[in-house]
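Q: Before I ask anything, here is the structure I am working with.
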Amino acid sequence: MTALFPLLLSAVNSLLTFLVRSVLVKFAVFFGLFFVTSGFITVLLSSGLLPNLASVASAMGGISAGVWYWLDLFNLSYGLNVIFSAYVARFIIRRIPLIG
């Protein structure tokens, strides 16, 4: 019975070491990166460095119906969103020294 207590204590110690080293530290680091990234996105949107979506929508208003057929067929609206998100993610990863 007395040999079981050190074994259980060792198992709990190993579990706590795993939780502190891998889970807690990674959570703190990734939460900090998320907080900084969301702050930079807010600054970019408020400063006008990213394009205004209203101006893009007004520029698309002059496209004829025949062209819109092919754009809708190839689902361009979804593709543009994916490409824009990829460019923003690339900017954040490469240009911000804290993350990249």
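The values are calculated or read from the model by the stated rules, or taken from the named source; none is laboratory data. Keep in mind that what you see is a predicted model, and the values were worked out from it rather than measured. Neighbour counts are summed over all protein chains in view; Cβ atoms, including those assigned to glycine, are modelled from backbone coordinates with ideal geometry.
Q: Mind checking whether some residue in region 23-39 is modelled with pLDDT under 85, of a type in the set (A, V, I, L, M) and closer than 18 Å to Phe91 by Cα?
A: yes
Q: Can I ask one more? Right, Gly32: surrounded by 10 or more Cβ atoms within 10 Å (Cβ to Cβ), in contact with a Leu (Cβ under 9 Å, 6 or more places away or on another chain) and part of a helix (DSSP H, G or I) or not?
A: yes
Q: All but one of (1) surrounded by 10 or more Cβ atoms within 10 Å (Cβ to Cβ); (2) over 17 Å from the mean Cα position of the chain (by Cα) hold for Leu4; state the number of the condition that does not hold.
A: (1)
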